[in-house]
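Take a look at the structure below.
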Ligand SMILES: C[S@@+](CC[C@H](N)C(=O)[O-])C[C@H]1O[C@@H](n2cnc3c(N)ncnc32)[C@H](O)[C@@H]1O
């Protein structure tokens, strides 16, 4: 099994993936130097930008044969692939500025960018994507390069950058927005995003979960976003932080081995948990299976791929893609939907994978016909016939595969999925000579010969799959299949000889697998035969995979890969995980080592701190704290951040404790409170301030330390960051501010609705966290957030154009007259910097 271990394969995949995503329409320096054998002047080469060669004969030969586009449209197809991809972006529907941004695009940028339209036969410079609901997604007629280089586009580019950073928009390839739309997600759904980094689809899923949720309340559903790659997981955390959500868990597990998390009814409660878990098994209503792939659908964005592309890339990922998809289906509730997607056009990674999972699931999973959904999205039906290429050979059927190719060219890669194992080759399959041909393997009547190339056609309804090609709507390429689980999955065919063979060499592994199977069955409902079958299936799947990948050493994470977030807490805790109960002791012992170096996830229960927070901010009892607060540090004297989780996330976490912390949690919940570290901070009655991310959630429940400022004073605060009490335009506000308790406070902007005193906080409420010092108020919001708020407020005022605008309009002179500009260096510079 050397070289096929878990670690080596994962590392190769990661490298391949990273390589595959490198940027873009610029040739690397080393490349340009080496491409010119006559050149001995490196510096000269560095100054000359050269576009990538956008052709690859192997690519042409492969795709001409696959028939995903007709011979007549071939030239248009490749021409589109050679043209840089226009930028697209999505407005965050749960942002409080969603409508403002939409209107800015429609009324300002659509007009001001008109003169810039020439490329790709497009009429408008920017336009909403017709198939995306509510004009929330936009196509721009400019590539990323044009946006960066073109002076006249500077304002638009700055707008995109700022709003993207804040989280009001997400820059995302148009076709990549499609899979979540076909998932039919509702706000109460538990959604699993199996391969989620860098997280643009996770963000989209969260937006959908939040749709129609009232401000100040949290949706009932949640998203579990997972990725194997630690660095990419950090990107995912960074991306989704912009969403400020308490309904997200980010995990760092292998998707194909993702834990089933079934609570054992008889097991004692984990010591960490006095909280009874509300769910006993982790199953999802929706699964997004956006698997690692060769990525040739992104050629327009990553033209370096022209040079790298070869058919082996897709062949090499096929097996993993099936394993991940099967795991996704086993974690899907009966009645639930899973979307399988790739950004590859290759049928071996697309239709062949879908066909194989349909065969494995034997009627328990249906490929859904979604042709009536999103009718304005131009797509093509999936193909039912294709060929497999191995190096220089075309293979139409597994019959054509020589015995030397059988390790990497699998029956499932072909349209029929049939295996033809000639008796002479059996010993190749199983060294010990045991007969291990599974039931679906068919003995050929005669040996396959090259003249015998019979074109195979799948008998499955693969035309229900969708392929988006670049020249249909000036986009990238994508493949999408929608699957519905109709009943529990059938038991998988085991491969006893293979396992027995391995067990002979490794008896410990056999013990482990048996433990695994026993454990997987121990939580079964005694009267549920179907569920038992499903669990056998799942256990077998895991077992198969372990047999395939026994490299246990690689299960230890590399300490250098520890997430940056909370790293100081991590270091203190590497050896201090809390125990979660004897009932799961054995498994726990095995698993503990796995998550070494990852911050523990603990329910935060320090009553004295919780009470001080409640008292200081006057948080009413309607806001649930119990079981919703999390820390990543078991030493309660050193907890720096307290995170808030929704009820759904709390339930999953409760279950995870009960099953011995099988989930490797990289990030969870919303940062709600942060410990004050400055000198002044430690002298306040409450040592925790409210973080900007957490403020919108807790805002409706705060009754102390909250003041309403006029829009003029509010904007002055954003502009100057610190204002003396005496310098506020509204002297009464300054007086009230001076009477607040020292420490964190919340300033809400009064608008026409809140002019006459506090009213109910709603989605339109604008508020910021401040620090009440000895003589002034200091803003505790990052510079970029201040900039964004000022920008939004001024755009709003421009749009309103009423008499009140003049009255409220931000006026620096007025501020200077009032002396605010002379505010001395903040007493709490450190606090502001912390924020
Ligand atoms: C196509 S990308 C996902 C893109 C993502 N869904 C998005 O929209 O931003 C595939 C991801 O799978 C991850 N990956 C590769 N092998 C994996 C595995 N065995 N388990 C989980 N994730 C894996 C890669 O790190 C990569 O981030």
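The values are calculated or read from the model by the stated rules, or taken from the named source; none is laboratory data. Quick caveat: nothing in here was measured; it's all calculated off a predicted structure. Quick reminder, even Gly has a Cβ in these numbers, built from the backbone with ideal geometry, and neighbours come from all protein chains shown.
Structure above, values below:
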| item | result |
| --- | --- |
| Checking residue 128 against (1) buried (at least 21 other Cβ atoms within 10 Å of the Cβ); (2) over 20 Å from residue 787 (Cβ atoms); (3) modelled with pLDDT of 90 or more, the condition it does not meet | (1) |
| Those helices (runs of 4 or more DSSP H) lying entirely in segment 96-210 with at least 1 residues on the phi < 0 side of the Ramachandran plot and within 16 Å of the ligand (Cβ to nearest atom) | 154-166, 178-182, 200-210 |
| Pair list, Cβ under 7 Å, 6 or more apart: segment 281-304 residue within 10 Å of residue 343 (Cα to Cα), other residue within 16 Å of the ligand (Cβ to nearest atom) and assigned to a strand (DSSP E or B) | 290/341; 291/342; 293/342; 297/478 |
| Test for residue 212: is it closer than 18 Å to residue 671 by Cα and over 13 Å from the mean Cα position of the chain (by Cα) | no |
| Count of segment 131-156 residues which are over 15 Å from residue 85 (Cα atoms), under 26 Å from the mean Cα position of the chain (by Cα) and surrounded by fewer than 21 Cβ atoms within 10 Å (Cβ to Cβ) | 5 |
| Residue list for segment 396-416, filter: surrounded by 15 or more Cβ atoms within 10 Å (Cβ to Cβ) and modelled with pLDDT under 95 | 396, 397, 398, 399, 400, 401, 405, 406 |
| Qualifying residue in segment 47-59 (condition: over 27 Å from residue 129 (Cβ atoms), assigned to a helix (DSSP H, G or I) and at pLDDT below 50) | yes |
| Top-ranked residue of segment 298-343 - restricted to ones that are assigned to a helix (DSSP H, G or I) and near the ligand (Cβ under 10 Å from one of its atoms), ranked as surrounded by the most Cβ atoms within 10 Å (Cβ to Cβ) | 321 |
| Index of the failed condition, residue 88 passing every other in (1) touching a strand residue (DSSP E or B) at 6+ places or on another chain (Cβ under 8 Å); (2) more than 16 Å from the ligand (Cβ to nearest atom); (3) at pLDDT 95 or above; (4) closer than 28 Å to residue 170 by Cα | (2) |
| Hits in segment 252-266 - residues which are in contact with a helix residue (DSSP H, G or I) (Cβ under 8 Å, 6 or more places away or on another chain) and within 16 Å of the ligand (Cβ to nearest atom) | 252, 254, 255, 256, 257, 258, 260 |
| Number of positions in segment 635-652 that are modelled with pLDDT under 95 and either surrounded by fewer than 19 Cβ atoms within 10 Å (Cβ to Cβ) or on the phi > 0 side of the Ramachandran plot (or both) | 5 |
| Positions within segment 228-245 being more than 9 Å from the ligand (Cβ to nearest atom) and closer than 23 Å to residue 321 by Cβ, in sequence order | 230 |
